[in-house]
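Where a number appears in this text, it was derived from the coordinates with a stated rule and is not lab data. Here the structure is a predicted model, which is why all the values come from computation and not from measurement. Reconstructed Cβ throughout: ideal geometry from the backbone, glycine too, with neighbour counts over all protein chains shown.
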Amino acid sequence: MTESVIHLENIHKIYDTGAVRVHALRGVSLDIGKGEFVAIMGSSGSGKSTLMNTLGCLDRPTSGKYLLDGMDVSTLGKDERADIRNRKLGFVFQGYNLLRRTTAIENVELPLIYAGVNAAERTRRSRLALAVVGLASREDNAPNELSGGQQQRVAIARALVNGPSLLLADEPTGNLDSRTSVEIMSVFQQLNEEAGLTIVLVTHEPDIAQYAKRMIVVKDGLITRDDLIRDRRNAAADLAKLKPVVDEVLEQTI
Amino acid sequence: MILPVMKMAFSALARNKVRSALTMLGIIIGVASVITMVSLGQGAQIQVQDQISSMGTNLLIVSAGSQRGAGGVRAGGGTASTITLEDVAALGQAPSVSAVSPGVTASVTLVAGNQNWTTRAEGVAPTYLAIRNRAISAGTFFTDSDVRSAARVAVVGQTVVNQLMLGSEAVGQMIRVRNLPFRIVGVLTAKGQSSFGQDQDDTVLIPYTTAMKKLLSATYVPTVYVSAADPAATTQAEAQINDILQQRHRKQAGQDPDFNVRNLTDVADAAESTTRVMTLLLGGIAGVSLLVGGIGIMNIMLVSVTERTREIGIRMAVGARSNAVQNQFLIESLALGLAGGVIGILLGCGVSLLVSKIAAWPSAISPMSVIVSAVFSMAIGVFFGYYPARKAANLDPIEALRFE
């Protein structure tokens, strides 16, 4: 694949804590092209988090080669990796990871501050990113004034604001109820289809993985399955179907 | 990029107002006590200096050597007839000397009406007043023309006025000095005892020419009062006096001089070094409290770094370099130090003014101590903030994000 966003070649990661040596990745090779939507699945301890951290340039592989957008990032230092994360990557976490007591727009601005963008441009781009995830009206709300789904949307806006080549989502629906999960997945699908954004999603829920286009299963530090998803689900359609159910539930609780 | 990072730092401080205020309190107390202690110490130093300079500003006393009598018996200092009026004039030309006055002393009995009183008459020049730091309370001092004409005029001390019962109308009255009639032209302002227990008001001052020609028939000067140009120049003045007199008296270098020079700098030095040690001691104690304030900053910053580990992780994940994280925390501690320093300076100035007012103690708020403590409090902010800031910057983003 020439248009690879991610190109992994025989990636090993060994955690050496002195007493114990953990071989978390045992030679992973992987290519992810532009515009793909990949779900990475695996049980805990399978190495999927290590793979995610490696893809996210949060960690450096012990050996192997990682090309991101054609650039070798496997040997970069701490600050260079910070710059790569700042310019090329967007992160969405399970626990949202927003700054407390900081408004939505200030949270979204954060990557732009470290990129050295001026204040007016920061505000403009942050507003735009919040509008994309449907939160234009909640700019000045702090995370504790927002629902879980809204907080995750702010996190997605923050991941989008620097125009990344790759969006990495680590269990983005882990803390959300099923309806909100589908909502978030519809945001991802929309970004992937309309804006052509490359997305890598880590999840352990097969339902959620069904919204992606390709599924990778990691086990014992190796990729054991790599398939295209056949009966792919459409989050927008699911949401329409879910609506009455949720209303019923609401009525019942009331 | 430093501007938004500064904004982040300030909003982090504003979020924890009570904590920030308490942290600053340590620096505030430290800086305030440094300024108060140093200004009070320097006030004490000024007071001591005032007392010493009241003995005579920059005074040097040159006395003639002792007379060697028959059989080698040496009389006391000032008895040798070695210093002449020409010597005195030459001393007045020395570069570090601002004024000279001969001092010709005679024990005299004064008579006024039916009262008499034995005291010390001193023949001096009009410059004496400035050299010995004396003042006139009534009348005037005698003039250079009185000196030229060897006029029989006298300036009397308060004790003499009292003993002779001259009353408040002393100026203009006639008194007899060794049976010669003198007109009183002025009265010295009372000064009380000298630090050596001598009554400085029990004296009568007359022109030195009068003393030499009419009272003593002497041609030599036993004592010369010399005023150095400024306190720092006394040592130079002393050397110049030595050179001039040695040369004029045709003595070889190394040969024993036929005069000696005394000054009050030793006394002043001792007193000054005492108060300086006091100031240093007080400042040192206050400095310790400033140090403790700095440790307070470090403590709070360490807590803050631990507490905000997750925040640091988020910042790193979205692309903050180590330096940006470090700077944010450094700016926070610098701001704490600086704000504490400014408040402490204001408080310290206020307290030292208040203390000096209540205790009637001179206080000298030295700009130096203000500048030093301002710079020092910032330095403390940076110094004690550096370790926590480094700790924050060295966090591993993965670990930091996982921190609960």
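Summary of computed values
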quantity: Coarse-grained scattering of the stretch B:154-217 at q = 0.15, 0.16 Å⁻¹, given as base-10 log I(q)/I(0) from a Debye sum over alpha-carbon atoms; calculated: -0.48, -0.54
quantity: Expected-Rg normalisation [2.2 N^0.38 Å, Cα atoms] applied to the stretch B:102-204; calculated: 0.98
quantity: Stokes-Einstein D for the stretch B:125-261, Kirkwood Rh over Cα pairs, 10 °C, 1.306 mPa s (µm²/s); calculated: 94
quantity: Extreme residue, positive dipole direction of chain B, given options B:A94, B:G348, B:V153 (C-beta unit charges); calculated: B:G348
quantity: Dipole magnitude of the stretch B:105-152, debye to nearest 20 (Cβ charges: Lys/Arg +1, Asp/Glu -1, about Cα centre); calculated: 80
quantity: 222 nm mean residue ellipticity, helices alone, for chain B (DSSP H n ≥ 4; -39,500 (n - 2.57); rounded to 500); calculated: -17500 deg cm²/dmol
quantity: Relative exposure of B:S377, A:S181, B:S145, judged by other C-beta atoms within 10 Å (fewest first); calculated: B:S145, A:S181, B:S377
quantity: Theoretical ellipticity at 222 nm over chain A - DSSP helices of four or more residues, -39500 (n - 2.57) apiece, nearest 500; calculated: -12000 deg cm²/dmol
quantity: Angstrom value of the Kirkwood radius, inverse mean 1/r, which spans all Cα pairs in chain B; calculated: 26.5
quantity: Using alpha carbons only: equivalent-ellipsoid semi-axes of the stretch A:1-76, gyration tensor based, whole Å; calculated: 22, 15, 9
quantity: Footprinting exposure proxy for B:M6, B:M316 (fewest neighbouring C-beta atoms within 10 Å first); calculated: B:M6, B:M316
quantity: Helix A:235-253 vs. chain A, principal-axis angle (Cα, 0 to 90°, nearest 10); calculated: 50
quantity: B:K213 versus B:A360: modelled label distance in nm, points set 7 Å from Cα along the beta carbon direction; calculated: 4.9
quantity: Assigned charges on the beta-carbon of Lys, Arg, Asp, Glu; the stretch A:102-253 dipole about Cα centre (debye); calculated: 480
quantity: Dmax and Rg, reported as Rg then Dmax, of the stretch B:183-240 (C-alpha, Å); calculated: 15.4, 40
quantity: Relative pair counts by distance (%), Cα atoms of the stretch B:300-356, 5 Å bins; calculated: 4, 16, 18, 17, 11, 9, 8, 7, 5, 4, 2, 0
quantity: In Å, descending, principal axis extents of the Cα set of the protein assembly as shown; calculated: 139, 62, 43
quantity: More than 17 Å apart - percent of Cα-Cα pairs taken over the stretch B:208-257; calculated: 54
quantity: Cα-only Debye scattering, the stretch B:233-355: base-10 log of I(q)/I(0) at q = 0.16 Å⁻¹; calculated: -0.94
quantity: P(r), alpha carbons of the stretch A:141-250 - 10 Å bins starting at zero, rounded %; calculated: 13, 43, 34, 10, 1
quantity: Euclidean distance of C-alpha centroids, the stretch B:129-170 and the stretch B:367-404, integer Å; calculated: 69
quantity: For the stretch A:74-233, the fraction of alpha-carbon pairs in successive 5 Å shells from zero, as %; calculated: 2, 9, 17, 21, 20, 15, 9, 5, 2, 0
